[in-house]
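Only one structure is covered here, and it is reproduced in the block below.
Please treat every number below as a calculation from the coordinates, not as lab data. If you're wondering where the values come from, they're calculated on a predicted model, not measured in any experiment.
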Amino acid sequence: MNSDIATRGARIIDVTPGSPAATAGLTPGEVVTKIEDQVIESGNALVATVQSRTPGASVTLVFTDTSGNRRTVEVNLGTDQGRQSSRQRAQT
């Protein structure tokens, strides 16, 4: 795994079954590095970026999977917008 890529971003700690992240196929251990044109460098940046989007919007999310591969997926944002639960689950 490319440690330079894996150390930047927001590492996914937990994915709630049925959530937008689960529906998009995201799993614990993956690292979110970009949403649309916004670079994600921390858990706080991920939460702020998600909260700045309209609930239900579709966004392009770039992440590094647990094998170190860069992947892209479309995610339809939920109505919670990551307010409390994502702060607890996203880690830098």
- Expressed in nm to one decimal, what extension gain is obtained for the pair residue 51 and residue 13 from 0.36 nm per residue of sequence separation less their Cα-Cα distance? 11.8 nm
- Calc'd 3J(HN,Hα), segment 24-39, phi into Karplus 6.51 cos²θ - 1.76 cosθ + 1.60 (θ = phi - 60°), Hz, glycine/Pro = x, comes to 7, x, 6, 9, x, x, 6, 10, 6, 10, 7, 10, 6, 9, 9, 6
- Message: Going by amide H atoms built from the backbone, whose H comes under 5 Å of the H on residue 34, apart from near neighbours?
- Response: 40, 62
- Item | Length released on extending from residue 36 to residue 23, taking residue separation times 0.36 nm less the Cα-Cα span | 2.9 nm
